[in-house]
Amino acid sequence: MDELISIIIPVYNVEKFLDKCINSIVNQTYKNLEIIIIDDGSTDNSGKMCEAWKIKDNRIKVIHQQNFGAGHARNVGIEASTGKWIFFVDSDDYLKLEIIELLYKNAIKTSSDVSSSGYIVKMFQDEIIKYNKENYVVNSEEALRKMLVGEGISTFVCDKLYKKELFETIKFPEGKNRERIAVLYKLFDKASKISHISEAGYYYVQRNGSLSHAEFTSERLTNGIEFLEEMLNFICEKYSKLQNEAEAYFTTQLHIAIINCYKNNAKEVYKDLKSKLKSYMKRILKNPKIKFRKKVKSIFLAYFEGSKFLKEN
């Protein structure tokens, strides 16, 4: 018999998107689902809509709570789940109807602890397929390398199926933004095998205010860099062969953060991030995985104001 899969959906003020999201889950070709919806203090009609869906489908459980954020909501969902597998969905996104079945069959076939797919960025009428590559099975180190260099495995938590046992000692940070960054590399580290399928089955809907694509805030940037630096230190300590790749990834993300601060006039965070970039400069300049132009860009971003690099996307 197919094993029970727990789908965890944090919900906050998404009444315009919620029906499409839940509809794509209840109609999955894989039927043995436990659908846990955490209404994270919604002030629109989202909570009532969740209750209406619970009446329609007895696989749905609804938990109402105060607004504690996506990290807390996911932890609550994990704690309440009874399935052997966990899959996360953001409530403004939606799924292809066969993706859970494909991920599960792949996990069983390859004896994997994590089964990963590609995703589709949905922006207005445009669709951009990401990470729709070949099928493969890798160990923790290779999965981390592929994630860092962008070879098929994304940095998102929502396009992957996980064995629940991975979360016995791993929790999402609570009360902070961009919590996914703090979790995925730890799950890969704990997994014995990570597999990937050549399908893109998760639709990330880009809109202002969404869980995955929220508008700029200094707090989001600060949290993100904090978690990225923790990941860098973890990988350098435990997977020393990946130090160059980890530093290169961190450098790219730091560049993006500095440019975003400049564009949004976040002066204090901008200064702090420039100082952080300076502190890594020796490592950046020595790193063979960082291209020459990016090294030059690091110097200009760290030491010069009004650099042309600050105007780049």
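The values are calculated or read from the model by the stated rules, or taken from the named source; none is laboratory data. Treat the numbers as computed from the prediction; the structure is a model and nothing was measured. Heads up, the Cβs are rebuilt from the backbone with ideal geometry, glycines too, and the neighbour counts pull from every protein chain shown.
Below are the figures for this structure:
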read-out: Residue in the stretch 77-87 that is within 16 Å of the chain's Cα centre (by Cα), under 20 Å from LYS146 (Cβ atoms) and of a type in the set (Phe, Trp, Tyr) present; value: no
read-out: Residue check for ASP57: surrounded by fewer than 16 Cβ atoms within 10 Å (Cβ to Cβ) and assigned by TED's automatic domain parsing to the domain that holds ARG180; value: yes
read-out: Hits in the stretch 120-167 - residues which are among the small types (Gly, Ala, Ser) and over 17 Å from VAL183 (Cβ atoms); value: GLY150, GLY152
read-out: Residue list for the stretch 125-149, filter: at pLDDT below 90 and surrounded by 13 or more Cβ atoms within 10 Å (Cβ to Cβ); value: LYS130, TYR131, ASN132, LYS133
read-out: Residue check, ILE256 farther than 30 Å from SER140 by Cβ, of a type in the set (A, V, I, L, M, F, W, C) and in a helix (DSSP H, G or I); value: no
read-out: Flag for PHE227 being in contact with a helix residue (DSSP H, G or I) (Cβ under 6 Å, 6 or more places away or on another chain), crowded, with 19+ Cβ neighbours inside 10 Å, assigned to a helix (DSSP H, G or I) and at pLDDT 95 or above; value: no
read-out: Considering residues of the stretch 111-124 that are of a type outside the set (Gly, Ala, Ser) and assigned to a loop (DSSP other than H, G, I, E, B) only, the residue surrounded by the fewest Cβ atoms within 10 Å (Cβ to Cβ); value: PHE124
read-out: Enumeration of residues in the stretch 142-172 that are under 13 Å from the mean Cα position of the chain (by Cα) and in a loop (DSSP other than H, G, I, E, B); value: ILE153, SER154, THR155, PHE156, VAL157, CYS158, ASP159, PHE172
read-out: Counted residues, the stretch 151-210 - those being among the hydroxyl-bearing types (Ser, Thr, Tyr) and either in contact (Cβ under 8 Å) with a residue 60 or more places away in the chain or at positive phi (or both); value: 8
read-out: Test result for LYS160, modelled with pLDDT of 95 or more and closer than 30 Å to GLN66 by Cβ; value: yes
read-out: Filtered residue count, the stretch 34-51, keeping only those that are part of a loop (DSSP other than H, G, I, E, B) and of a type in the set (Ser, Thr, Tyr); value: 2
read-out: One residue from ILE55, ILE35 being of a type in the set (Val, Ile, Thr) and either touching a residue at least 12 places away in the same chain (Cβ under 8 Å) or in contact with a strand residue (DSSP E or B) (Cβ under 8 Å, 6 or more places away or on another chain) (or both); value: ILE35
read-out: Out of GLY47, GLY41, sole residue that is at positive phi, surrounded by 16 or more Cβ atoms within 10 Å (Cβ to Cβ) and free of Cβ contacts under 8 Å to residues at least 40 places away in the same chain; value: GLY41
read-out: Any hit, the stretch 58-69, residues being touching a residue at least 60 places away in the same chain (Cβ under 8 Å) and farther than 21 Å from GLN206 by Cα; value: yes
read-out: Selection count where residues are under 20 Å from VAL183 (Cα atoms), touching a Phe, Trp or Tyr at 6+ places or on another chain (Cβ under 8 Å) and in a strand (DSSP E or B), scope the stretch 85-110; value: 3
read-out: Residues located in the stretch 95-110, provided they are crowded, with 22+ Cβ neighbours inside 10 Å and within 18 Å of ASN27 (Cβ to Cβ); value: LEU95, ILE99, ILE100, LEU103
